[in-house]
Each structure stands twice: as structure tokens, then as C-alpha cells.
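**Q** I'd like to ask you about the structure that follows.
Throughout, read-outs are computed from the coordinates displayed, never taken from laboratory work. Predicted, not measured: the structure shown is a model, and the values here were computed from it. Here Cβ is always computed from backbone atoms with ideal geometry, including for glycine, and neighbour counts include all displayed protein chains.
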Amino acid sequence: QACFASLVSQDYVNGTDQEEIRTGVDQCIQKFLDVARQTECFFLQKRLQLSVQKPEQVIKEDVSELRNELQRKEALIQKHLSKLRHWQQVLEDISVQQKKPAEMPQGPLAYLEQASANIPAPMKQT
């Protein structure tokens, strides 16, 4: 809050120089970082106490994290396998399409004959 307050404060808006604003913001950021370090230290101390008093709890947490990581990696492997199958199918389709023109007669007239063979005959009116 102090960081934002120093940025939007009327004192800074009403005519202080850039260097003074920068110094104030730097001090607020430094205070914020100090509080963050203290908070991290507090949680690390609690974690250490927990590991001494209940070592099985730490092992359970580690096992749980490893299981979650395995599940995440398994899902990633499945995703990659799915993409691999898709691209293998695409490549197979391309190779099949490349073989078809070689089997068909060459030239514009042969193509026209092939295309006209696929057109249905007109129905006779009675």
C-alpha cells in the first residue's frame, strides 16, 4: 500500500522533482522486499519445526508432490502422443494423395475425361 500511496500521493503530484519521487518509491519497494523476506523466513521456520516434530508429514507432502508431477508428465506424454498420431496420419494422407496422380493418365485431355466420367448422366424426361 505504501508503494502505491507514494505514487498517487498529492504531495508528489504537486511539484516534487523526479529524483525525490524515485527515492520515495525505492524506499517503499525496499520496505516491501524486507517484509517479504521476513514472511518467507517465518514460513521456513514453521516448515523446519514441522519437519522435526512430524517427519512423516513432510514425507507425505513430498510423495504427494511427486505423484502430482508424475500425473502432469503423463498427461503431457499423452498430449504429445496424440499430436504425433495426428501428424503421422497427415503424412500418410499426403503420401496416399501423391500416389494417386501417378496412377491417373497424364495431360489435360485425360484429366477432362476423368472428371467427366464422374458426372452423372442427365435424367430423361418422359
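**Q** Give the calculated FRET efficiency between V90 and N68 to the nearest 0.05, with a Förster radius of 35 Å applied to their Cβ-Cβ distance.
**A** Details: r = 33 Å, r/R0 = 0.95.
Here the calculated transfer efficiency is 0.55.
**Q** Run the numbers for Q27 and Q78: contour at 0.36 nm per residue of separation, minus the present Cα-Cα distance, in nm.
**A** Details: separation 51, 0.36 × 51 = 18.36 nm, distance 4.95 nm.
That works out to 13.4 nm of additional length.
**Q** Can you tell me the length gained on complete extension of the stretch Q1 to C41, counting 0.36 nm per residue apart and subtracting the Cα distance?
**A** Working: separation 40, 0.36 × 40 = 14.40 nm, distance 2.15 nm.
Full extension of this stretch gives 12.3 nm more.
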